[in-house]
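Working notes, structure below.
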Amino acid sequence: MRNNILKFIMLSVVLIVLSMCFSPLGATNPKSPFVDIVKDVRESVVNIQVEGEQRITQNQLPFNDEFFKYFFSPREFNRPFTSMGSGFIFKRENNDVYILTNNHVVEGGNDGVITVTLADKEKLKAEIVGLDPETDLAVIKINVSNNTEVVVAELGESDNLEIGEWAIAIGNPFGQLGLQRTVTVGVISAIGRSGLNFGNNSPLFQDYIQTDAAINPGNSGGPLLDINGKVIGVNAAITTTSGGNVGIGFAIPISLAKKVAEDFLAYGEVKRAYLGIMPQEISQELSLSLGLDEISGVLVSKVEKDTPAEEAGIEVGDVILEFNNEKIENVSRFRIVVANSPVNQKINIKVNRNGKIRNLSVILKERESEKSVEISKTSSSSYNLGLRLETLGSDLARRMNIEAESGLIVVQVTPNSPAAKAELRPGDVIVEINRITVNSVKDYEDAVSKAEKDELKVILLYVQGRDGSFKFVPISID
C-alpha cells in the first residue's frame, strides 16, 4: 500500500513538471511548436495542374460476345483530362525555379500543359526536366521574373531517421476543393517499406517512409518535413480502403530524391550502376537451409554473362551480406544500394558461399537506359507495327519473370494496330523478324526498314509467348 502511495506521488510530481514545461506561467493559450516550423517552408509548396488528352479505346461488342470482334473494330477517340497534385521548390538559379514532385503527377504533361500555382497565386507554365518512373520522381521547371520572390525548401537527411520521430506533411489534398498547402502532423510509423503494389506503375526502387501524418489524393509530390522544418521525403502514395487517409501514407526518402534530382540537372537523365545478377529474397526456410545466422542479405539466383558480377567472381548460390560497406537487409534495399553506387570504382562485397565468408570486389558499369521505346511513324521507317518494346536485360523483364535467350519484350500494343490485329500481347518476346534475330531497338528498326525497302506487305515474326511456347506470327502492313 505504501509503495502504491509513493508511486502516485512521484507520478503526480512528474505530471506537474511536464505541465509547467508546456504551459508557462501567464500563458493561457501557448503557441504550437509547429507554427514556426512550417511558417516559411509552407510557401515553397506549389499546386500542379496537368491538362491533356488521353487516347480511349472503346470495344462494345453485341451481347458481349467475342465472336463479333471480327466484325466490329474498336472505337478510338481522345478524351480530355485534368489532374492535380503537389510539388515543392528545391532550387533556384537566376530566373529558373526547379520543383520536385512525383512522376505520376506530371507524366501526362509530356503531351499536355502543366500549370504551377505559386503561394501568391501566380500561375506559370512549367516544362518537364526529367521523369523517373522507377522511383516515381520527377523534376519540372518554371521561369519567373526578376522580382518574383519564391521560397526554397531546405533539403534534410533521411538516412538516419528513427521510428516515432515527428513528421509534418504539406500538400494540396482534393485539389478540386481548393485546399492548398494543408499542413498535417504525425510521426514516422516505419522506414524501409518495400514490395508495395500500387498497380501497373509501381516503382521498381522502393524504400518508403511510412507516416500517419494525413496524406490524401492530391498530396502526392508535397514535402514530408522533420521537426526542424527540413524536407525528409516526397509524399507519394497511400494505402486505403476508403479512398481517403486512414493513417497509412508513404513518402520517398529525400536521400533517394536528391540523387534523382541531381542527375536530372546534371545529365538530363538518371544514371544508375549495373551489377548483373538476379537477386532473391531470403526467407526463413532459405536462411535455415543456407546456415545463415539471421534472415538478411540477398541470394544470387542468376549471374548474367559478360557483366561486372561475372567478372567479380560472384556465383549462383552466393548470399550477398554487404555491398559497398553497407549491410544488405533485403532485395529492395540491395537494388537501391547497387543503383546508387559509383561506377568504374572498386566496390567491396561480402558474401556467404557455402557457409564461408568471402570478400570480393567489383567494378560496376553504368546501366544502359531501360526506357520503353515506342516504334512509331517518327522513326526511320514508315512501317508502324504499333509496338512498345524493352530489352530482356531490363528490370521490367525481371519483374515480369520473362525468361528468354534473346529478343525484345512487348510492353504495350497500340489498339487497332497491325500488331494488335495479329493478336500480339504484352509479355510476348519478339525473337526474329523475317528470320533476322533482334536483341536491340536498332536490330528491330533495321529489320523493319529492310522489310519496307523490300516492299513487303507481310512481316513474319518469330515469337516466344508468355507460356514459353514459340510460334510464327504474320503481321500485315496496312
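Here is how the numbers come out for the structure above:
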| item | result |
| --- | --- |
| Distance (nanometres) between label positions extended 7 Å along Cα→Cβ at Glu294 and Asp446 | 5.1 |
| Rough spin-label spacing in nm, given labels placed 7 Å along Cα→Cβ, for Lys453 and Asp306 | 2.4 |
| Local electrostatic count at Ser296 - Lys and Arg +1, Asp and Glu -1, tallied over other residues with Cβ under 11 Å | -3 |
| Euclidean distance between Cα centres, region 89-160 to region 307-337, Å | 35 |
| Extension gain (nm, one decimal) between Leu265 and Gln284, 0.36 nm per residue minus Cα-Cα | 2.6 nm |
| Region 274-366: mean projected area of Cα convex hull, nm² | 5.1 |
| Arg466/Asn78 FRET efficiency (R0 35 Å; Cβ-Cβ; nearest 0.05) | 0.70 |
| Within straight-line cross-link reach of Lys302, lysines at Cα separation under 30 Å, skipping those fewer than 8 residues along the same chain | Lys259, Lys271, Lys327, Lys346, Lys350, Lys356, Lys365, Lys371, Lys442, Lys471 |
| Model label zone, Glu157; criterion: amide N under 18 Å from point 7 Å along Cα-to-beta-carbon; scope region 302-328 | 325-327 |
| Sequence-distant lysines (8 or more away, or on other chains) whose Cα lies within less than 17 Å of Lys457 | Lys377, Lys421 |
| Stretch gain in nm, segment Arg425-Glu51, where the contour uses 0.36 nm per residue and the Cα spacing is subtracted | 131.7 nm |
| Using distinct alpha-carbon pairs, which all enter the 1/r mean, Kirkwood radius of region 149-296 in Å | 17.0 |
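Laboratory data are not the source of any read-out in this text; all were calculated from the coordinates shown. Quick caveat: nothing in here was measured; it's all calculated off a predicted structure. A quick note on method: Cβ atoms are made from the backbone with ideal geometry, for glycine too, and the neighbour counts reach across all protein chains shown.
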